[in-house]
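The next block holds one structure in the form of structure tokens; read it before the comments.
The values are calculated or read from the model by the stated rules, or taken from the named source; none is laboratory data. Being a predicted model, the structure only gives us computed values, none of them experimental. Quick reminder, even Gly has a Cβ in these numbers, built from the backbone with ideal geometry, and neighbours come from all protein chains shown. These area figures cover heavy atoms from the full protein model, side chains too; ligands, DNA and RNA do not enter into them. Shrake-Rupley method; radii C 1.70, N 1.55, O 1.52, S 1.80 Å.
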Amino acid sequence: MLAGCTPWPAEFAERYRRRGYWRGETLGAFLRDRADRFADRTAVVGAGKRWSYAELDTRADRMAAGLARLGIGAGDRVVVQLPNRPEVFEVAFALFRLGALPVYALPAHRRAEISYLCSFTEAAALVVADTDAGFDYRELAERVRTETGGPEHILVAGDTGGRAHMRPLEEVRAGGGAGPGTTAGPDPAEVAFLQLSGGTTGLPKLIPRTHDDYLYSVRASAEICELDPGTVYLAALPVVHNFPMSSPGFLGVFSAGGTVVLAPDPSPATCLAAIEAEGVTHTAVVPPVAMLWLDAVDGGSQAHRDLTSLRVLQVGGAKFNPEAARRVRPTLGCTLQQVFGMAEGLVNYTRHDDPEEVVVATQGRPISPDDEIRVVDSDGTEVAAGGLGELQARGPYTIRGYYRAPEHNARAFTADGFYRTGDLVRATPTGHIVVEGRAKDQINRGGEKIAPDEVEDHLLAHPGVHDAAVVAVPDRFLGERTCAYVVPRGAEPARSELLAFLRERGLAAYKIPDRLEFVDAFPATGVGKVSRRELREAVRAAHAPAE
Ligand code: J2J
């Protein structure tokens with residue numbers, strides 16, 4: 001396995017193969033197989049394009065050959081920051097075929113995140129869009145290169161704007177000629193890509209997923225979600241996120257021979273129109289987006305839409321409030337499916353034949369009979385059945401360690417290989433999981449994950465900041481939003497200046513604190529050295545308003 005990754009112990013790998021979960025197929029071969037079976041069916045619709053399975057397959061081959069000519073090959077890391085456009089699939093499958101590893105960045109990421117990803121992974125290339133949603137990604141790429149000295153190649157989906165050291169993807173593909181035909185391809189047990197974790201401490205950790213383990217979760221998800229060639233899936237969230245990628249996401253749809261429709265943004269106006277126009281049957285959103293859609297249809301601006309094609313609305317990424325959950329069927333006329341997943345692996349779904357109460361009030365149950373889950377107290381002892389505790393998971397598609405993170409791995413995984421999810425849950429007698437809270441140091445802002453100390457570190461870099469604590473405050477719409485409490489050094493800096501400072505440091509917008517409060521000092525937390533976490537708790541208790 002790629003250096004810096006933790007393999008599954010041999011007896012587990014053997015069991016997962018014996019039980020047919022790991023089938024020795026690569027993601028590149030997976031697309032070829034679907035292209036053979038569903039050649040003329042539409043694989044992807046978006047940005048004014050419609051590609052059949054055969055076309056996507058051919059493009060991926062040519063792109064692979066073109067990338068190979070640039071010197072990109074097996075084991076190379078390539079940071080991919082693309083919005084929801086068909087090229088994102090072409091590039092991903094090209095890299096899979098070469099055995100090069102996409103490192104998926106979110107479109108919302110900015111210089112701080114992209115520089116870190118490029119440096120940490122020693123990326124050979126960075127792939128960006130030209131512009132999207134009013135933002136120029138080429139400028140971002142240029143600054144990353146100036147500041148970090150890398151990566152060697154910057155490839156642009158669209159127009160390079162004449163920048164000499166950037167290459168349009170179009171040209172890379174053209175350089176690939178007719179494509180490599182068949183290549184031996186990478187080892188299916190190898191890492192296929194690096195996915196970003198939400199992050200709890202400081203910079204985001206990278207999650208190595210193998211062809212074998214990921215394809216298992218994809219096939220099983222497509223089955224649980226009952227996808228077939230008639231499935232039309234609307235990708236409303238950025239497809240580089242694990243949820244729309246694999247739960248069942250675009251890969252699940254490709255597995256079944258269905259069609260993926262790419263939405264440029266998750267707004268009700270964009271997405272509900274796309275559902276009507278394309279006859280969408282399935283889609284996946286985070287809770288705040290679901291609530292916007294519900295309101296837009298319930299007497300709002302989209303009340304006129306014909307949504308009769310829509311069969312399933314998946315909601316996940318953060319806890320969906322049961323009141324909103326109850327509105328899904330009457331308002332949208334479709335089935336709700338709750339999805340509680342994580343890029344580290346474990347995914348839980350409510351099933352389509354679960355009783356309404358289970359669908360509304362639980363976050364589902366695991367994909368696999370071989371998902372081992374346990375609910376433990378703070379000492380690591382399993383709680384009594386139905387009790388509240390931290391969820392730990394181990395199984396055929398849950399990683400055993402983050403990429404190049406031995407110290408963090410020692411804390412994030414148990415000695416016997418369970419991943420400590422940091423989620424506080426209880427299990428129902430039917431084996432469904434209810435997420436009740438969180439034991440980890442993370443803020444979940446409507447599905448977007450924020451590590452408080454990453455933001456605090458940026459605040460502390462300002463000369464007018466003596467100390468800072470970023471805490472979650474309850475929010476009716478987002479579930480949680482962020483508030484930064486700041487102890488100034490000398491005169492209070494202007495709020496607007498501090499926020500501009502964070503933006504200038506290149507932090508993604510969703511990590512910029514929603515509120516900023518100045519306080520004289522942080523509360524005393526007893527004697528001795530306190531952890532940042534205890535400090536945040538004390539600050540929240542002393543200052544944060546109730547909802
Ligand atoms: C409460 N908390 C949830 C839910 C995730 C499918 C769906 C989501 C993700 C995802 C994913 C939740 N209710 N329904 O990767 O494949 C919180 C938990 C969890 C963390 C993981 C997928 N669904 N969460 O959200 O890696 O705290 O993956 O541990 O971004 O989101 O975040 P992430």
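Among Phe12, Thr42, Leu31, whose Cα lies farthest out toward the positive end of the dipole of the range 1-55, if unit charges sit on the beta carbon of Lys, Arg (+1) and Asp, Glu (-1)?
Highest projection toward the positive end goes to Thr42.
List the residues whose amide H sits under 5 Å from the amide H of Asp475, counting only those 5 or more places along or on another chain, with H placed 1.01 Å from N in the peptide plane.
Those lying under 5 Å, H to H, from Asp475 are Glu480, Arg481.
Dipole of the chain (Lys/Arg Cβ +1, Asp/Glu Cβ -1, origin at the Cα centre): which of Phe96, Tyr214, Phe340 lies farthest to the positive side?
After comparing all options, I get Phe96.
Need the full-extension length gain, Ala303 to Ala415, defined as separation in residues times 0.36 nm minus the C-alpha distance. One decimal, nm. Mind showing how you got there, number by number?
On the way: separation 112, 0.36 × 112 = 40.32 nm, distance 5.33 nm.
Stretched out fully, the Ala303 to Ala415 stretch lengthens by 35.0 nm.
Taking a temperature of 10 °C and a viscosity of 1.306 mPa s, what whole-number D in µm²/s does Stokes-Einstein yield for the range 309-429 with Rh from Kirkwood over alpha carbon pairs?
102 µm²/s
Might you tell me the accessible area per residue for the range 191-284, computed with a 1.4 Å probe and given in Å²?
Working: 1910 Å² over 94 residues.
Spelled out: the 1.4 Å probe surface of the range 191-284, per residue, equals 20 Å².
Just to check I understand the Karplus step: with θ = phi - 60° and J = 6.51 cos²θ - 1.76 cosθ + 1.60, what whole-Hz values come out for the range 266-279, glycine and proline as x?
Rounded to whole hertz, the list is x, 5, x, 4, 5, 6, 5, 5, 5, 4, 5, 6, 9, x.
Nothing charged except the Cβ atoms of Lys and Arg (+1) and of Asp and Glu (-1): what's the magnitude of the dipole of the range 407-498 about its Cα centre? Round to the nearest 20 debye.
Numbers: 11 positive and 15 negative charges, 68 e Å.
So the magnitude is around 320 debye.
With only Lys, Arg, Asp and Glu charged, each at its Cβ (+1 for the first two, -1 for the last two), find how big the charge dipole of the range 435-481 is about the Cα centre; round to the nearest 20 debye. Can you show the working numbers first?
Working: 6 positive and 10 negative charges, 52 e Å.
Roughly 240 debye for the range 435-481.
How large is the accessible surface of Phe477 in square angstrom, using a 1.4 angstrom probe and rounding to the nearest 10?
Looks like 70 Å² after rounding.
Regarding the range 120-196, what's the average projected area of the Cα-atom convex hull, expressed in nm²? Intermediate values should be presented prior to the final figure.
Working: hull surface 28.5 nm².
The directionally averaged projection comes out at 7.1 nm².
Nothing charged except the Cβ atoms of Lys and Arg (+1) and of Asp and Glu (-1): what's the magnitude of the dipole of the chain about its Cα centre? Round to the nearest 20 debye.
Values: 60 positive and 72 negative charges, 91 e Å.
Here the chain has a charge dipole of around 440 debye.
Between beta-carbons, use under 13 Å as the cut-off and find the net charge around Thr381, counting Lys and Arg +1, Asp and Glu -1. It would help to have the intermediate numbers written out before the result.
On the way: positive: Arg374; negative: Asp377, Asp379, Glu382, Glu390.
My count for the surroundings of Thr381 gives -3.
Keeping all protein chains in the complex and leaving out DNA, RNA and ligands, what accessible area do you get for Leu203 with a 1.4 Å probe, in Å² to the nearest 10?
Leu203 exposes around 80 Å² with every protein chain in place.
Mind listing P(r) for the range 204-360? All alpha-carbon pairs, 5 Å bins, whole percents.
P(r) for the range 204-360, in whole percents per bin: 2, 10, 20, 24, 21, 14, 6, 2, 1, 0.
Using the Kirkwood radius over Cα pairs, work out the Stokes-Einstein diffusion coefficient for the range 186-264 at 20 °C and 1.002 mPa s, in µm²/s as a whole number.
Working: Rh = 13.3 Å.
Taking Rh from Cα pairs, D becomes 161 µm²/s.
Pairs of lysines 8 or more apart, or on different chains, with alpha carbons under 13 Å: count those in the chain, would you? Provide the component values of the computation, followed by the final result.
On the way: Lys205/Lys449; Lys319/Lys449; Lys440/Lys449; Lys449/Lys511.
Within the chain, the lysine pair count is 4.
How much mean residue ellipticity at 222 nm does the chain get from its helices, if each DSSP H run of length 4 or more adds -39500 (n - 2.57) and you divide by all residues, to the nearest 500 deg cm²/dmol? Before the final figure, lay out the partial values.
Values: 18 runs with 184 residues, N = 547.
Helices in the chain give a 222 nm mean residue ellipticity of -10000 deg cm²/dmol.
Specify whether the C-alpha gyration tensor of the range 235-293 places it in the rounded, prolate or oblate class, a ≥ b ≥ c being the square roots of the eigenvalues: rounded for a/c under 1.5, otherwise prolate if a/b is larger than b/c and oblate if not. Walk me through the numbers before you get to the answer.
Numbers: a/c = 2.10, a/b = 1.30, b/c = 1.62.
Oblate shape, in that a/c is at least 1.5 and b/c is the bigger or equal ratio.
How would Arg34, Arg533 rank on accessible area, largest to smallest, probe 1.4 Å? Mind dumping the intermediate values first?
Details: Arg34 20, Arg533 95 Å².
Final ranking, largest accessible area leading: Arg533, Arg34.
Under 5 Å between amide H atoms, partner at least 5 residues away or on a different chain: which partners does Gly387 have, H built in plane at 1.01 Å?
Residues meeting the amide H criterion: Ala427.
In whole Hz, with x marking every Gly and Pro, tabulate ³J(HN,Hα) for the range 342-357 from phi via Karplus 6.51 cos²θ - 1.76 cosθ + 1.60, θ = phi - 60°.
Coupling constants for the range 342-357: 7, 5, 5, x, 2, 10, 10, 10, 6, 9, 5, 9, 5, x, 3, 4 Hz.
How many percent of all Cα-Cα pairs in the chain sit more than 47 Å apart? Don't skip to the end; give the middle numbers.
On the way: 12575 of 149331 pairs.
Looking at the chain, the distances longer than 47 Å represent 8 percent of pairs.
Amide H of Gly341 versus every other amide H placed in the peptide plane: which residues, excluding those fewer than 5 positions away on the same chain, fall under 5 Å?
For Gly341, the qualifying residues are Gly317, Asn348.
Find the all-direction average of the projected area of the Cα convex hull for the range 357-488, expressing the result in square nanometres with one decimal place.
Working: hull surface 41.9 nm².
Its average projected convex-hull area is 10.5 nm².
Using all C-alpha to C-alpha distances in the range 54-96, build P(r) with 5 Å bins and read off the rounded percent in each one.
In whole percents, the pair-distance histogram is 5, 25, 31, 24, 13, 2.
Short version: ³J(HN,Hα) in whole Hz for each residue of the range 159-173, in order, from phi by Karplus 6.51 cos²θ - 1.76 cosθ + 1.60 (θ = phi - 60°), x for Gly and Pro, what are they?
Those phi angles translate into 9, 6, x, x, 6, 5, 8, 10, 10, x, 4, 3, 5, 4, 5 Hz.
Provide the convex hull volume over Cα atoms per residue for the range 1-103, in Å³.
Details: hull volume 12.3 nm³, N = 103.
It comes to 119 Å³ per residue, whole-number rounded.
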